[in-house]
1. Go through segment 115-137 and count every residue that is surrounded by 14 or more Cβ atoms within 10 Å (Cβ to Cβ) and assigned to a loop (DSSP other than H, G, I, E, B).
2. Can you name the residue in segment 41-51 that is under 20 Å from Gly100 (Cβ atoms) and among the aliphatic types (A, V, I, L, M) and, of all such residues, is surrounded by the most Cβ atoms within 10 Å (Cβ to Cβ)?
3. Could you list, in sequence order, the residues of segment 86-97 that are out of contact with any Leu (no Cβ under 8 Å at 6 or more places or on another chain), crowded, with 16+ Cβ neighbours inside 10 Å and in a strand (DSSP E or B)?
4. Look at Leu83 and say whether it is in contact (Cβ under 8 Å) with a residue 60 or more places away in the chain and within 13 Å of the chain's Cα centre (by Cα).
5. Any residue at all in segment 103-111 that's within 10 Å of the chain's Cα centre (by Cα), closer than 17 Å to Ala129 by Cα, modelled with pLDDT of 95 or more and of a type in the set (A, V, I, L, M)?
6. Which one of these does Ile38 not meet: (1) open to solvent by 20 Å² or more (accessible area, probe 1.4 Å); (2) outside any strand (DSSP E or B); (3) modelled with pLDDT of 90 or more?
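The values are calculated or read from the model by the stated rules, or taken from the named source; none is laboratory data. Nothing here was measured: the structure is a model prediction, and the numbers come from that model. Neighbour counts run over all protein chains shown; Cβ positions are idealised from the backbone, glycine included. The area values use the complete protein model at the heavy-atom level, side chains included, leaving out ligands, DNA and RNA. Shrake-Rupley method; radii C 1.70, N 1.55, O 1.52, S 1.80 Å.
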Amino acid sequence: MRRVLALLTLVLTAAEKPPQAAPRPLPRSIDGLPIGAIPPQEMPATGCAAFLWTNTTTRSLAAMLTTEPPRARLAPGGMIVDLVRTEQSGGGNYGFTTHGDYAAGDYRVAVDIEIVERGDLTQGAIIPAGTMRFEKEGSDGVVVPVVGIIGCAQ
């Protein structure tokens with residue numbers, strides 16, 4: 001009888017808790033590239049963010065660049081990594097320039113973007129064209145065409 005009560009208690013306790021959904025694994029690759037899509041990202045509380053989508057067969061969120069802190073978030077092989085901005089050059093606005101280099105561990109990313117302000121956008125701009133050059137030490141690099149949008153915190 002005690003075993004039945006213990007089992008019943010265990011079953012009822014488990015039934016009270018909603019099942020936790022397992023985190024969905026990230027895609028390991030976008031269109032055969034060595035980077036996967038990152039999940040939707042939230043705007044930072046301060047500064048600006050540039051959201052970059054692949055401009056390939058599949059339009060996927062490939063990277064998010066932020067100004068505070070200056071970093072790039074992407075998912076090589078389906079694992080999210082944050083790279084620190086190591087250099088930037090060229091004209092720009094919203095804390096971004098037309099060229100930025102990012103690095104962490106074995107990864108290097110060079111981003112070249114066109115920043116276009118439009119009258120119908122406030123606190124941001126569009127990125128109608130750009131490239132993201134992704135390199136991992138010991139592997140071939142790849143250049144990914146990107147498009148995007150810049151948004152800034154209030």
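1. Residues meeting the conditions: 1.
2. Ala50
3. Within segment 86-97, Gln88, Gly92, Thr97 meet the criteria.
4. Details: in contact (Cβ under 8 Å) with a residue 60 or more places away in the chain: no; within 13 Å of the chain's Cα centre (by Cα): yes.
When the stated conditions are applied, Leu83 does not pass them.
5. no
6. Failed condition: (1).
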